[in-house]
Amino acid sequence: MDAKIDTLTLQHFIGGENVGSSGGEKFDVLNPLDDSLYCRAARGTGDDMRSAIAAARSSFESYRETLPKERERWLMRVADIMEERKAEILDCLIDEIGSPIGKAMFEFDKGLSMVRAAAGLCRNVRGETIPSDVPGKFSMSIRAPLGVVGIITPFNVPLIKTTRLVANALALGNTVVHLPSEMAPHVTLLMAEIFSQAGIPAGAYNVVTGMGHEIGDDLTSNSDVDFITFTGSSVIGQHINEICAKSKTPVTLELGGKSPTVILKDADLDKVMPLAARSIFMFGGQLCIGSSRFYVERPLYDEFVKRFAMAASKVGMGDLRDPNTVVAPIISDRQRQRVKSHIEDAVSKGATVEAGGEWDGNRCQPTILTGVNEDMTLCKDETFGPVTSIYPIDSYEEGLEKANDTVYGLSSAIFTNDINKALHFAKNIGAGMCHINGPTVHDEAHIPFGGNGESGVGREGTDADLEAMTELKWVTVQL
Ligand code: NAD
């Protein structure tokens, strides 16, 4: 099968077939580097979404009976085909969402390990025996797939999210309806083609492309959907949470962040500097776990600002296919306006630009600000661009307090050789993830990934998805 009818027009993938929108409409997907037309995709309707859900529901009855060894084989094959089609996937990540080659390779490698880790899940769908107080009662729990899983993904890491969430859902015996970002339909449809090529049965994985604000509610409010996993902005996450609360549909929300990095006076700046740059400038700062706040103990503050500004001015902004290029175009005009307005607001209220602040086409230079205070929007709000601020602190305690002064709680980092302070920070930071002497930007297939507060609810990863995408049933036998 071919999810792509021609190079420019994408269709939904429903019940193992490529199908156009029932409304006959399409939408444009622009290459964010220069806003040229990258492709067109079917503009999904409520009817398209219902048809995908019906396909997933009907496929579930047979898919749930597939054997672990079959699902394991299919998923291992998905990873093998990904390797065979690597160049095509990398091109798509570069031209559809503006990934520099380094980020595209990073995402590809993560995606491969997500799929292979998911293959290992197939044999791990276990319950347990439970002691009973009733004489002769044999008691156990059995674990079963939930049914139809609705997956909604953002533009910035479409391959990581697709490989992790779709592969885990399918490994566990669920079927899937996937609404990808309207800015990244192609990479998702490429993966649908690969899942199908690998042998995943028709109807087990369905993709509907379109505008989330037009058809998202048709997915999240449908009573035939048994679980929703959403990754995206906190505002839409809140909306989805409210819909799911009404129908009591379980939901995982992976939302935005304002992740802090605390650097104590005993840290080795030679080791910290390359990691600091990696924490925020990768993919133009369009990473939920990017570090948009640095708190540096005063003895190191001036030196850190000087070296970070120097590093920022050297971050590669060349051809996206050049391995030295790090800075990506900002994905859309709306996001560009957001990044610009955050910088302008801070500067107009007295912040100092230590590096960057200017634009080259759709790319914002890596930007470092000092003198940021709470009156400035970027102090507390997610910017989602290559923009960070540095604040001096007088003690570890002040660093912890300031790091915790946020409604978000996704990733965090601390650099120090003081094990007591490091572990105290890990315990007391109100974030779902904490890295000691490592950058906030880190992910692996089998870890509990996720955040608290405005950063979301629940975790994802093989073990977390095993819990979230299956249910336990208590069974007893009176002997
Ligand atoms: P977004 O919220 O604009 O869109 C995300 C998805 O939601 C898209 O697929 C969109 O089509 C869909 N959507 C829109 N309206 C909907 C509705 N009413 N119902 C259902 N779906 C709807 O986010 P984005 O701009 O694509 O991504 C950036 C955001 O994602 C940032 O806030 C970032 O921090 C967050 N993010 C979080 C994680 C994480 O794991 N925590 C990872 C990546 C990105």
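Could you say whether any residue in the range 202-218 is closer than 20 Å to Met114 by Cα, within 10 Å of the ligand (Cβ to nearest atom) and touching a residue at least 60 places away in the same chain (Cβ under 8 Å)? Give the derivation first.
Going residue by residue through the range 202-218, those that are closer than 20 Å to Met114 by Cα are 204-207.
From what's left, within 10 Å of the ligand (Cβ to nearest atom): none.
No, the range 202-218 contains no residue that is closer than 20 Å to Met114 by Cα, within 10 Å of the ligand (Cβ to nearest atom) and touching a residue at least 60 places away in the same chain (Cβ under 8 Å).
Give the residue that is nearest to Ser99 (Cα to Cα), with candidates limited to residues of the range 313-336 that are within 16 Å of the ligand (Cβ to nearest atom) and exposed (fewer than 13 other Cβ atoms within 10 Å of the Cβ).
Initial filter on the range 313-336 (within 16 Å of the ligand (Cβ to nearest atom)): 328-336.
If we keep only those that are exposed (fewer than 13 other Cβ atoms within 10 Å of the Cβ) too, we end up with 333-334.
Working: Asp333: 17, Arg334: 18 Å.
Result: Asp333.
Thr209 fails exactly one of the following numbered conditions: (1) under 21 Å from the mean Cα position of the chain (by Cα); (2) under 22 Å from Asn373 (Cα atoms); (3) among the hydroxyl-bearing types (Ser, Thr, Tyr). What is the number of that condition?
Condition (2) is where Thr209 drops out.
What pairs come out if I take residues in the range 420-438 that are within 14 Å of Tyr396 (Cβ to Cβ) and assigned by TED's automatic domain parsing to the domain that holds Val272 and pair them with residues that are outside any loop (DSSP other than H, G, I, E, B) and among the hydroxyl-bearing types (Ser, Thr, Tyr) whose C-beta lies under 9 Å away, six or more apart or interchain?
Lys421/Tyr396; His424/Tyr396; Phe425/Tyr396
Based on what the data block shows, is Gln238 within 12 Å of the ligand (Cβ to nearest atom), out of contact with any Phe, Trp or Tyr (no Cβ under 8 Å at 6 or more places or on another chain) and farther than 17 Å from Val149 by Cα?
So Gln238 passes the test.
Residue check: is Ala184 under 30 Å from Gln286 (Cα atoms), more than 14 Å from the ligand (Cβ to nearest atom), surrounded by 20 or more Cβ atoms within 10 Å (Cβ to Cβ) and of a type outside the set (S, T, N, Q)? Break it down stepwise before answering.
Numbers: under 30 Å from Gln286 (Cα atoms): yes; more than 14 Å from the ligand (Cβ to nearest atom): no; surrounded by 20 or more Cβ atoms within 10 Å (Cβ to Cβ): yes; of a type outside the set (S, T, N, Q): yes.
No.
If I filter the range 437-468 down to residues being within 16 Å of the ligand (Cβ to nearest atom) and aliphatic (A, V, I, L, M), which single residue comes out as farthest from Cys288 (Cα to Cα)?
Ala468
Taking the condition over 26 Å from Leu400 (Cβ atoms), modelled with pLDDT of 95 or more and either within 14 Å of the chain's Cα centre (by Cα) or not in a loop (DSSP other than H, G, I, E, B) (or both), does Val441 pass?
no
Cβ-Cβ distance below 6 Å, separation of 6 or more or different chains: which pairs start in the range 252-266 with a residue that is in contact (Cβ under 8 Å) with a residue 60 or more places away in the chain and end on one that is within 16 Å of the ligand (Cβ to nearest atom) and of a type in the set (Phe, Trp, Tyr)?
Leu253/Phe230; Gly257/Tyr408; Lys258/Tyr408
Please verify whether Lys26 is within 22 Å of Val115 (Cβ to Cβ) and either basic (Lys, Arg) or touching a Pro at 6+ places or on another chain (Cβ under 9 Å) (or both), treating the condition exactly as stated.
Details: within 22 Å of Val115 (Cβ to Cβ): no; either basic (Lys, Arg) or touching a Pro at 6+ places or on another chain (Cβ under 9 Å) (or both): yes.
Spelling it out, it is not the case that Lys26 is within 22 Å of Val115 (Cβ to Cβ) and either basic (Lys, Arg) or touching a Pro at 6+ places or on another chain (Cβ under 9 Å) (or both).
Of the conditions (1) within 16 Å of the ligand (Cβ to nearest atom); (2) not assigned by TED's automatic domain parsing to the domain that holds Pro180, Leu264 satisfies every one except a single condition; which number is it?
(1)
Name every residue in the range 409-447 that is surrounded by 15 or more Cβ atoms within 10 Å (Cβ to Cβ) and more than 20 Å from Ala276 (Cα to Cα), in order of residue number.
Answer for the range 409-447, where residues must be surrounded by 15 or more Cβ atoms within 10 Å (Cβ to Cβ) and more than 20 Å from Ala276 (Cα to Cα): His424, Gly430, Ala445, His446, Ile447.
The values are calculated or read from the model by the stated rules, or taken from the named source; none is laboratory data. Computed from a prediction, not measured in an experiment: that's the story for all the values here. Every residue, glycine as well, gets a Cβ built from its backbone with ideal geometry; the counts of neighbours run over all protein chains shown.
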